[in-house]
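Report on the structure given below.
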Amino acid sequence: MVDRAKMETDDIPLDDKAKRMRDLLSSFYYPYHGSSPKAHSNYENLDSINSASFDPEHYMNLLVQKSNLEELLRKHVEMAAEIKNLDTDLQMLVYENYNKFISATDAIKWMKSNIVGMEANMEQLLDKIMSVQSRSDRVNTSLFEKREHIEKLHRTRNLLRKVQFIYDLPARLAKCIKSEAYADAVKFYIGAMPIFKAYGDSSFQDCKRASEDAIIIILKNLQGKLFSDSESIQARAEAAVLLKQLDFPVDSLQAKLLEKLERSLGDLQLKTNEIVNVLREPNDPSKQGKGFDSIPGIGHEVSVHGFAEAIRAYRVIFPDSESQLIKLAQNLVIKHFEITEQRVKRRISSTNFLGALRAIWDDVLLMDGVLSEAALSNFSLEVAHATVKKYVASTFTYLLQDISDALLKVKVSPKEAAEEHPLQVALEASKKTVLQGSMDVLLDFRQLLDDELGLLVKLRAFIIDWVQEGFQDFFKSLDGCFLLLSGRKNSSSQDQGFSEGALGEKVLAGLVLVLAQLSVFIEQTAIPRISEEIAVSFSSGGARGHENGHVFVSGEICQLFQLGGEKLLHHYINIRTRRVSTLLRKRFTTPNWVKHKEPREVHMFVDLFLQELKAVDSEVKQILPEGLLRKHQRSDSNGSTNSSRSNALLDDKMSRSNTQKARSQLLETHLAKLFKQKVEIFTKVEYTQESVETTIVKLCLKSLQEYVRLQTFNRSGFQQIQLDIHFLRTLLKENIEAEEAIDFLLDEVIVAASERCLDPIPLEPPILDKLVQVKLAKSKGT
């Protein structure tokens, strides 16, 4: 029955059960708690069944009036459940109180049994205490006179000791002065001061006068020690403390002591400079092994410890000098970083840079222990932020300088170029400098990230961003450097550092070709390799966060160098073409073609033209790879201004012997354009030997055609052009693969000359062949 009631009780929520228990206890102990019965009855309603003034009849009448049968049945079930719960609660309450009553009864019985006999023991204790007290009073009475006498003798003995100390004080002070034990002398004199104040003008007048004379000497010695440059900072601080104990006005010495401290700071900075000087020549055998871990580093550490102790002593002497000391400590940190930045400007390895940061951080931690109010850790972090950023930027600057130096070595004559392949050597050196230099730079920066130095740990996120941003800016600057070295961009003040010596002369065409091929290498090899390394070591944890993206965008840099390489390749072609154009301009503007003499040999300009093509061939073979020959595509056309002339038609035209027939042939030639196949003359330039050489030859022949169209020739002039072109055709077929395009352009030159000729009578083929053979034989003989 009880278990069943308990189970029903457990089904009720804990809050309702606890509330009901409190209400039961409250109604039992405080039946009118919180209000009077009269006031309480004013608020009766259907829920006031637990009140003391509950009216069952009134409650039932209201319940019957307001509820239907179903509600009455539900209310009946609820009240039955509540009655059972209340019975269970009352039973539990009775059981709990019953246990407490039993425990209280047992405790009372135990107390009654133990109290029996206690009064007798207490009376015995009181008798013994009274007996002890009476005996103690008798002993005190008998020893009172002797005790008084002993105390009097003890006071007399202490007084005699003090008197003896006063009489011996001048001699003690003299011994302290002789041994320079000024701290003991000050302690003795301060101990005697109360007696001198009380009896110094009567009984101990002579002792007081002698002691004061000795103290005057001590004051002079302490002041001399305080301002002596040979004394250590700690000794001078101790002297200041002793002067302060003697009531000397040391506040007037604060400015002088601070000046001494500033001087010691200057000496400390000089020793720091000595360490930096050791790092300036890391390859000097006489200075190898020296650094922050050798004797100069130990001297620096000792000096910093001395400076820290001086700060500690100064704070003790002048408690109100905190702001001045904080400024000195901050100046020490600033000077350390300034010296490090100076070394960074002259190039410093990552190992030495880390060594400098460790030395600075050790000094900061030491000074924090002495002057925590300065918060040098946070202050040094702010200063180091700029220094580390400058180191990262300077590293990229020196890498750019190394690449520029490797490229500026391309300054040789064509003869040397043919023998030693300097362009190929310069290209390989530049490739190695770009790729290996970038890998070395990443390795150095990785050392900064992996180091557990507290200063660098706080800057890791910034270093990641600086490295990515540095590479982005570095490659953009490198692209600008390529443009500057190629002569396509004017020099500015910021570029003079790496372009000095390159812009004073004409830009070498070979250098431009090296730059073009190097751009291809950077786009296809260097940037993917660097991007992979950055993704592994420098991609996460940046201060910018992932939502802002990475600073280094490899796709943008690849596109930049792709366009830059194409521009440089076209620039190389333009340089070579302009040189030939200059040669052609001199050739066609110098003679009077209307009065030209009969041709006897191939003109000298053809040799110069072939020399230029030979130089191009030498350069492209050193730099560019061989490629598959791109044959010129032919397609049917019903009309084109760039159609070829039929060789058979041209030979037939030149075989005619009078001007009228030759001129009628021109009309036939123009009509033939409408029915011939067109040839693709100018194609996209590729990074191959054949493509570049063919493009240069095409442009030169096109320029030759244009210069021919600007002149008017007589028969001999026309025949000279015919001879030169025939010789060129023979040699170009041996070296240039695009035979159809070259034949087309050479034919165009002949046709243009015939159109501008007053009497276009060509040379007979046997004569042409004979003159060409003579030229070839002469060329082989030389």
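The values are calculated or read from the model by the stated rules, or taken from the named source; none is laboratory data. Here the structure is a predicted model, which is why all the values come from computation and not from measurement. Ideal geometry is used to build each Cβ from the backbone, glycine not excepted, and the neighbour counts take in all protein chains shown. These accessible areas exclude ligands, DNA and RNA; they are computed on the full protein's heavy atoms, side chains included. Shrake-Rupley method; radii C 1.70, N 1.55, O 1.52, S 1.80 Å.
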| When you count, for each residue, the other Cβ atoms within 10 Å and take the mean per peptide, how do 323-331, 156-164 rank with the highest first? | 323-331, 156-164
| field | Distant-in-sequence amide H partners of residue 757 (H built 1.01 Å from N, under 5 Å) | value | 713
| query | Which length gain, in nm to one decimal place, applies between residue 105 and residue 710 when the Cα-Cα distance is subtracted from 0.36 nm times their residue separation? | reply | 203.7 nm
| Largest to smallest principal axis extent of the C-alpha atoms in segment 687-766, angstrom | 44, 29, 15
| message | Once R0 is set to 41 Å, what does the formula 1/(1 + (r/R0)^6) return for the Cβ-Cβ distance between residue 759 and residue 685, expressed as a FRET efficiency to the nearest 0.05? | response | 0.50
| said: At 7 Å along Cα-to-Cβ for each site, give me the label-to-label distance between residue 178 and residue 121 in nm. | reply: 7.3 nm
| remark: If the chain between residue 378 and residue 566 were fully extended at 0.36 nm per residue, the gain over the current Cα-Cα distance would be 62.7 nm
| Residue-level accessible surface for residue 361, protein heavy atoms, 1.4 Å, Å² | 30 Å²
| If you roll a 1.4 Å probe over segment 147-193 with all protein chains in place, what percent of the accessible area is carbon or sulfur? | 59 percent
| message | Using a 1.4 angstrom probe on the protein heavy atoms only, could you order 154, 726, 571 from most to least accessible area? | response | 154, 726, 571
| Within the set 197/225; 409/567; 225/260; 175/197, which residue pairs have Cα atoms separated by over 19 Å? | 197/225; 409/567; 175/197
| message | Suppose each label sits 7 Å from its Cα in the direction of the beta carbon; what would the residue 595-residue 461 distance come out to in nanometres? | response | 8.6 nm
| query | Largest first, what is the accessible-area ranking of 460, 346 with a 1.4 Å probe? | reply | 346, 460
| query | Under the Kirkwood approximation applied to all pairs of distinct alpha-carbon atoms, what is the hydrodynamic radius of segment 56-141 in Å? | reply | 20.0 Å
| field | Sites residue 309 and residue 529 - FRET efficiency at Förster radius 51 Å, r taken between beta-carbons, to 0.05 | value | 0.45
| What are the ³J(HN,Hα) values, in whole Hz, obtained from phi via the Karplus relation 6.51 cos²θ - 1.76 cosθ + 1.60 with θ = phi - 60°, for each residue of segment 210-222 in sequence order, with x given for Gly and Pro? | 5, 5, 5, 4, 5, 5, 4, 4, 4, 4, 5, 5, 5
| Karplus 3J(HN,Hα) series, Hz, for segment 73-81 with 6.51 cos²θ - 1.76 cosθ + 1.60 (x for Gly, Pro) | 5, 5, 5, 4, 5, 5, 5, 5, 5
| remark: The simple spin-label model distance between residue 476 and residue 626, using points 7 Å out along Cα→Cβ, in nm, is 4.3 nm
| said: Using a 7 Å offset from Cα along Cα-Cβ at residue 611, what residues in segment 756-782 end up with backbone N under 15 Å from the label point? | reply: 779, 782
| Protein chains only, probe 1.4 Å: how do 348, 334 rank by accessible area, largest first? | 334, 348
| query | So if we plug the beta-carbon distance of residue 98 and residue 128 into 1/(1 + (r/R0)^6) with R0 = 51 Å, what FRET efficiency do we get, rounded to 0.05? | reply | 0.65
| query | Does segment 696-741 come out rounded, prolate or oblate by the C-alpha gyration tensor, with a ≥ b ≥ c the root eigenvalues, rounded set by a/c under 1.5 and, if not, prolate when a/b is larger than b/c and oblate if not? | reply | oblate
| Using a 1.4 angstrom probe and counting only protein chains, how large is the accessible area of residue 236 in Å², to 10? | 20 Å²
| request: With all protein chains present, calculate the accessible area of residue 397 using a 1.4 Å probe and round the result to the nearest 10 Å². | output: 80 Å²
| Alpha-carbon centroids, segment 374-402 and segment 158-175: separation in whole Å | 65 Å
| task | Please work out the Kirkwood hydrodynamic radius for segment 105-248, using every pair of different C-alpha atoms, and report it in angstroms with one decimal place. | result | 20.9 Å
| So what is the accessible area of segment 143-220 per residue, in Å², with the probe set to 1.4 Å? | 71 Å²
